[in-house]
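Reading through the structure tokens given below for one structure.
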Amino acid sequence: MRRKSMTEPSRQTVGHDAPVFRFAPSPNGRLHLGHALSALLNADMAEKMGGRLLLRIEDIDLARCSRELEQAVFDDLAWLGIPFETPARRQSEHFPLYREALDRLQAMGLIYPAFLSRGEVKARVSAHEREGAIWPRDPDGAPLYPTEERFLSEAERTERLATTERHAWRLDIDKARALVGKRLTWEETGDGPRGEIEADPAAWGDVVLWRSDAPASYHLAVTVDDAAQGVTHVVRGLDLFHATSVHRLLQALLGLPTPVYHHHRLISGPDGRKLSKSLGDTALAALWAEGRTPSDIRAMVGI
Ligand code: GLU
């Protein structure tokens, strides 16, 4: 099979109002069987619905992502024979767009500079927990940002910003929810709960929208990009089911459309754990080198 280059000009054969699907890997490791399931489901659903199939490279974490790993993503997907439109969108080329969204939220009074790093929050929380306190955690298990840090006086914030302390920007979730003022839902067609799902952004506390160590954040970039690319169907793993609550809130705040979501089952490793990019034996490249074929991969992920 000829390996199609991801930089060849796009061949688009579907109309303007066709459904739009996207696969959005982060090039911070090699793709594994879980990614293959996601990419193949996107491709199959797009084909069935006569939709477009986009590829987005989620590389805002400049320290962990690389062009070599991006090329490896292209190679693995080309080997699988998935016909993504080209060129792929690279998030690292759109930081000003995410900044614009952040500025809008700032103008609405919904974000604040957060001076404690995630590590510092963890340390503070561990100290409290050692004394028997129970600390609220987000759906991924990370402790919520300490209340006393959320309500710094304006003078203190200004002073700390002026001394150019490293900081992230967090969303004031209570203010944001109050501003939206209504129940938010999304349509879910995946392998977990289905139908009309009620978003619960409060479970996440004040999420980071702009990291101190990277421009933008996953939540902000993914929401802005899905709208910018006209994505109508988000097909991704169930590990991101709860994150959709944050995306739904950001859509409401920024006036963006809400796609249909399909959170698919996850593939676990031989030890029953979720696959990670460090599990070499489920890397597509390793399977490819062993002589497996793309149809073997389909069978291995159960489609
Ligand atoms: N970039 C994310 C990942 O690799 C996926 C984001 C998404 O599909 O919304 O896990």
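The values are calculated or read from the model by the stated rules, or taken from the named source; none is laboratory data. This one's a predicted model, so the numbers in the text were calculated from it and none came from an experiment. For neighbour counting, all protein chains shown are included, and Cβ atoms are generated from backbone atoms with ideal geometry for every residue, glycine included. Just so you know, the surface numbers come from the protein's heavy atoms only, side chains and all, with ligands and any DNA or RNA stripped out. Shrake-Rupley method; radii C 1.70, N 1.55, O 1.52, S 1.80 Å.
Per-structure values
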item: Every pair of residues 6+ apart whose Cβ atoms lie under 9 Å, when the first sits in the stretch 61-74 and is basic (Lys, Arg) while the second is open to solvent by 20 Å² or more (accessible area, probe 1.4 Å); result: Arg64/Ser26; Arg64/Asn28
item: Which listed residue, of Gly50, Gly81, is away from the ligand (no atom under 16 Å from the Cβ) and touching a helix residue (DSSP H, G or I) at 6+ places or on another chain (Cβ under 6 Å); result: Gly81
item: Single match in Gly50, Gly119 (criterion: without any contact (Cβ under 8 Å) to a residue 40 or more places away in the chain, part of a loop (DSSP other than H, G, I, E, B) and either of a type outside the set (Lys, Arg) or in contact with a strand residue (DSSP E or B) (Cβ under 8 Å, 6 or more places away or on another chain) (or both)); result: Gly50
item: Out of Gly109, Gly141, sole residue that is away from the ligand (no atom under 16 Å from the Cβ), surrounded by fewer than 19 Cβ atoms within 10 Å (Cβ to Cβ), under 19 Å from the mean Cα position of the chain (by Cα) and in a loop (DSSP other than H, G, I, E, B); result: Gly141
item: Filtered residue count, the stretch 26-36, keeping only those that are among the hydrophobic types (A, V, I, L, M, F, W, C) and either without any contact (Cβ under 8 Å) to a residue 24 or more places away in the chain or in a loop (DSSP other than H, G, I, E, B) (or both); result: 1
item: Residue ID - most open to solvent (accessible area, probe 1.4 Å), chosen from residues in the stretch 68-101 that are in contact with a strand residue (DSSP E or B) (Cβ under 7 Å, 6 or more places away or on another chain) and not in a helix (DSSP H, G or I); result: Pro83
item: Matching residues, the stretch 211-242, being open to solvent by less than 10 Å² (accessible area, probe 1.4 Å), over 20 Å from Ala43 (Cα atoms) and touching a strand residue (DSSP E or B) at 6+ places or on another chain (Cβ under 9 Å); result: Ala216, Ser217, Leu220
item: Cβ-Cβ under 7 Å pairs, at least 6 apart or on other chains, the stretch 237-254 side in contact (Cβ under 8 Å) with a residue 24 or more places away in the chain, far side among the hydroxyl-bearing types (Ser, Thr, Tyr) and more than 8 Å from the ligand (Cβ to nearest atom); result: Thr244/Tyr261; His247/Thr223; Arg248/Thr258; Leu250/Thr223; Gln251/Thr223; Gln251/Thr258
item: Single residue of the stretch 250-270 satisfying the filter (part of a strand (DSSP E or B) and of a type in the set (Ser, Thr, Tyr)) that is surrounded by the most Cβ atoms within 10 Å (Cβ to Cβ); result: Tyr261
item: Every pair of residues 6+ apart whose Cβ atoms lie under 9 Å, when the first sits in the stretch 133-156 and is β-branched (Val, Ile, Thr) while the second is assigned to a helix (DSSP H, G or I) and open to solvent by 40 Å² or more (accessible area, probe 1.4 Å); result: Ile134/His128
item: From the options Arg104, Arg56, residue that is touching a Leu at 6+ places or on another chain (Cβ under 8 Å) and not in a loop (DSSP other than H, G, I, E, B); result: Arg104
item: All strands (runs of 3 or more DSSP E) inside the stretch 182-249 with 2 or more residues being at pLDDT 95 or above, over 30 Å from Phe115 (Cα atoms) and within 12 Å of the ligand (Cβ to nearest atom); result: 233-237
item: Complete set of residues in the stretch 148-178 that are surrounded by 12 or more Cβ atoms within 10 Å (Cβ to Cβ) and basic (Lys, Arg); result: Arg150, Arg157, Arg160, Arg170, Lys175, Arg177
item: One residue from Ala39, Ala43 being assigned to a helix (DSSP H, G or I) and within 12 Å of the ligand (Cβ to nearest atom); result: Ala39
